Ligand code: SF4
Ligand code: SF4
C-alpha cells in the first residue's frame with residue numbers, strides 16, 4: 001500500500017527538480033518547427049517586385065478558393081498580378097499554393113500569431129505579402 005505512494009512521491013520530486021519543458025508564453029517564444037506552415041509571403045525579383053507572374057495556378061489548386069487574381073502585363077510584356085488577394089480567414093494552410101507555384105513566388109511563412117478585431121486586415125494583398133517577407137528572411 002505504501003510502496004505505490006512512495007513511487008508517486010518520488011516521481012513528483014524528480015519532476016520538481018528537473019529542467020522545465022514549458023515556456024512563459026508570450027514573454028518567451030521559441031521558433032516554430034521547420035515544417036510549420038504559417039501565413040504566406042511573396043519572394044521578390046531582382047527589381048524588388050513580386051516574382052509572381054499571375055499564372056493563376058495557386059488560385060486553381062487552392063481547396064478553400066481563397067485566392068483571387070487579376071492579371072496584367074507591364075510595358076516589357078511581363079505578366080504580373082494587377083490584383084492578388086488571399087483571404088487568410090479562409091486559408092487552411094495546406095501549402096498547395098506554394099507547391100503549385102512554377103516560379104517560386106509564394107511561400108508558406110513562419111508567422112503563427114495574428115489577432116485582429118475585424119476580418120478586413122486578414123485580406124492579404126501583393127503589398128502585404130511582400131511585407132511579410134521581412135519576417136521570413
Ligand atoms: S495554403 Fe492552401 S488553403 Fe491556403 S491559400 Fe494556399 S492553397 Fe489555399
Ligand atoms: S503565386 Fe505563383 S502560382 Fe500563384 S499566380 Fe503567382 S506565379 Fe502563379
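What follows draws every value from the coordinates through simple rules; no lab data is involved. Because the structure is a prediction, the values reported are computed rather than measured. FYI the Cβ positions are ideal-geometry reconstructions off the backbone, even for glycines, and counts take in every protein chain you see.
If you take the Cα centroid of segment 1-62 and the Cα centroid of segment 77-137, the two points sit 20 Å apart.
Where only DSSP H runs of four or more residues are counted, the chain gives -6500 deg cm²/dmol as its mean residue ellipticity at 222 nm, each run worth -39500 (n - 2.57). For residue 90 and residue 60, a Förster radius of 22 Å and the Cβ-Cβ distance give a FRET efficiency of 0.90, rounded to the nearest 0.05. Packing order of peptides 25-34, 104-113, highest average first: 104-113, 25-34 (average count of other Cβ atoms within 10 Å over each peptide's residues).
What residues of segment 48-75 lie in the reach of a label at residue 123, counting those whose backbone N is under 19 Å from a point 7 Å from the Cα along Cα→Cβ? Taking a point 7 Å out along Cα→Cβ of residue 123, the residues of segment 48-75 whose backbone N falls under 19 Å are 59, 64-72.
Of the three principal axes defined by the Cα atoms of the chain, the extents in descending order read 83, 31, 29 Å. Going from the residue with the fewest nearby Cβ atoms within 10 Å to the one with the most, 93, 42 rank 93, 42.
Comparing segment 1-42 with the 2.2 N^0.38 Å rule of thumb, its C-alpha radius of gyration ratio is 2.10 (two decimals).
Exposure proxy for 64, 18: other Cβ atoms within 10 Å of each Cβ, ordered fewest to most, give 18, 64.
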